[in-house]
Each structure stands twice: as C-alpha cells, then as structure tokens.
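A.B. asks: Here's a structure for you.
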Amino acid sequence: MKQIALDIALSPAPALASFLPGPNAAALEHLRLWVGEGSGTGGIAKLRSPVPTYLWGESASGKSYLLKAVREALRDQGGEVGWLDPSIHEPPEFNPRWVAVMLDDVQGYSAVQQHAAFNYFVNAQTEQRWILAAGTLPPADLQLRDDLRTRLGWGHVFALQVLTEAERRAVLRQEADARGIFLSDEVMDFILARFSRDLNSLMQLLQQLDGYSLATKRAITIPLVKSMLESL
C-alpha cells in the first residue's frame, strides 16, 4: 500500500527536543551535547569538538531530520551553518564564519559535490569547525572518492535504526494520551499503514490531527483523517 508523505511545509521546524530516539539515544545525546542542549551543559556548548560525526541508516531513520535540527539549534544561537545535499548543484565556497558544516545524503553526491565536501573537510580542520554528515551506508561502503570516504569515517560514526511498528505504535499511543487524544485501534492502523514510517512525521501528523479535531469539534476517526488530508 502506498505511503503518504506529510507536507513538511506545514510542520514546525525540526528540533532535537522533538526527536524520538528509540534505539538511537546515543546519537541524539551526542548531538545534544555538541550543540549545548545536553545534561549539565547549561545551554553553553563549551566542549564542542571539531571531530566530525557521521550518521548512517536507511530511509526514515531520522538522519536528515537530525541534521536539520542541529542546524536550527546552531542558528538559534546566532551561528552560521554550511549545508550541502545532492540538490545543490553549485556548492558554495567554504565560509570561515560557519560554525559547522552539514553534509546530507552524501551517497548521492556528484563529482563536483564530492570535491566541495572534501574542500569543506580540509578547511574545517584548519578552522577547527565541526562537520556533521549523513548517508544511507557506512563510510567504508560509500561509492565516493577515497579521500572523502576516509574523512567521513575517521570521527564519530552512529548507525541509526528505524523504529519497529510496535515501537512507533507505543510512542504514538503515549503521545496521544499525553495530549488527551483518543486514538482507536482502527485509526492507529490506518495511520501506520498509510503514512511515512518516520516517527517525527507521525508526531507532526498527530499534532495536525489534534488541531483539526479541535477546530471542527469532531473526534479523531478515519473519516476525520481523510477530511483533514483533503483540506490540506
């Protein structure tokens, strides 16, 4: 059955606090500590290290969300952040004002993008800047130029896991209960069968359903879910 992706334009900006880690807690805590949101940091990232970090895992494991959440956190602190993904065909030059560089979906980089990413690594090392990268494969398996692949793998590497359906169901139920929302088993089955496996997208859907239910003064049922989708 075809899954429906949410319109991210209608969703709040990615945030580390909104990421539901499941088995990926170690990666999340690493990122939170780096940006200054971890336990005992007091919101001040004095322990930031220039050692790069690489996240890898299959689609819907949360890689891109985490990169965007880190970018938002650094921007909120007033920092400029470099960003490169396969859609950027003319990568910008390295900017010394960048506090960090995000490299997303590296497995899809063209030769030009690989050259830019390697250049970012060289400059980041000189300027003591952090690089956070993500891809679908572990560094050793990436079909990239050797010098770039080596640099992606020499720092912190985290393998992200997609939550199981049972884990997603449990988290959805917990979040719904916290919001005072009743989700029947039928509605839960409908949502999990038709929407993205990305748990954060499911949380955004639940938020939208909550607002739509309040606005229409209707309980959350399958017809309400369908009605909301038609109204988007």
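The values are calculated or read from the model by the stated rules, or taken from the named source; none is laboratory data. Keep in mind the model is a prediction, meaning the values are calculated, not measured. Note that we place each Cβ from the backbone using ideal geometry, even for glycine, and neighbour counts take in every protein chain shown.
A.B. asks: Restricting attention to the stretch 66-82, and to residues there that are acidic (Asp, Glu) and either outside the structural domain of Val35 (by TED's automatic domain parsing) or closer than 20 Å to Pro92 by Cα (or both), which single residue is surrounded by the fewest Cβ atoms within 10 Å (Cβ to Cβ)?
C.D. replies: Once the filter is applied, the top-ranked residue is Glu80.
A.B. asks: (1) in the same structural domain as Pro86 (by TED's automatic domain parsing); (2) under 25 Å from Ala25 (Cα atoms); (3) surrounded by 17 or more Cβ atoms within 10 Å (Cβ to Cβ): which one isn't true of Leu148, the others all being true?
C.D. replies: Here Leu148 meets the rest and fails (2).
A.B. asks: Here is a follow-up. From Leu224, Leu232, grab the single residue that is surrounded by fewer than 18 Cβ atoms within 10 Å (Cβ to Cβ), more than 20 Å from Leu16 (Cα to Cα), hydrophobic (A, V, I, L, M, F, W, C) and modelled with pLDDT under 85.
C.D. replies: Within the list Leu224, Leu232, the selection yields Leu232.
A.B. asks: Another question, if that's okay. Val51 is checked against (1) in a loop (DSSP other than H, G, I, E, B); (2) surrounded by 13 or more Cβ atoms within 10 Å (Cβ to Cβ); (3) at pLDDT 85 or above; (4) over 12 Å from the mean Cα position of the chain (by Cα) and fails just one. What number does that condition carry?
C.D. replies: With (1) in a loop (DSSP other than H, G, I, E, B); (2) surrounded by 13 or more Cβ atoms within 10 Å (Cβ to Cβ); (3) at pLDDT 85 or above; (4) over 12 Å from the mean Cα position of the chain (by Cα) applied to Val51, the lone miss is (2).
A.B. asks: Might you check whether a residue that is part of a loop (DSSP other than H, G, I, E, B), basic (Lys, Arg), surrounded by 13 or more Cβ atoms within 10 Å (Cβ to Cβ) and touching a residue at least 40 places away in the same chain (Cβ under 8 Å) occurs anywhere in the stretch 187-205?
C.D. replies: yes
A.B. asks: Within the stretch 181-205, which residues are modelled with pLDDT under 90 and touching a Lys or Arg at 6+ places or on another chain (Cβ under 9 Å)?
C.D. replies: Passing the criteria: Leu192, Arg194, Arg197, Leu199, Leu202.
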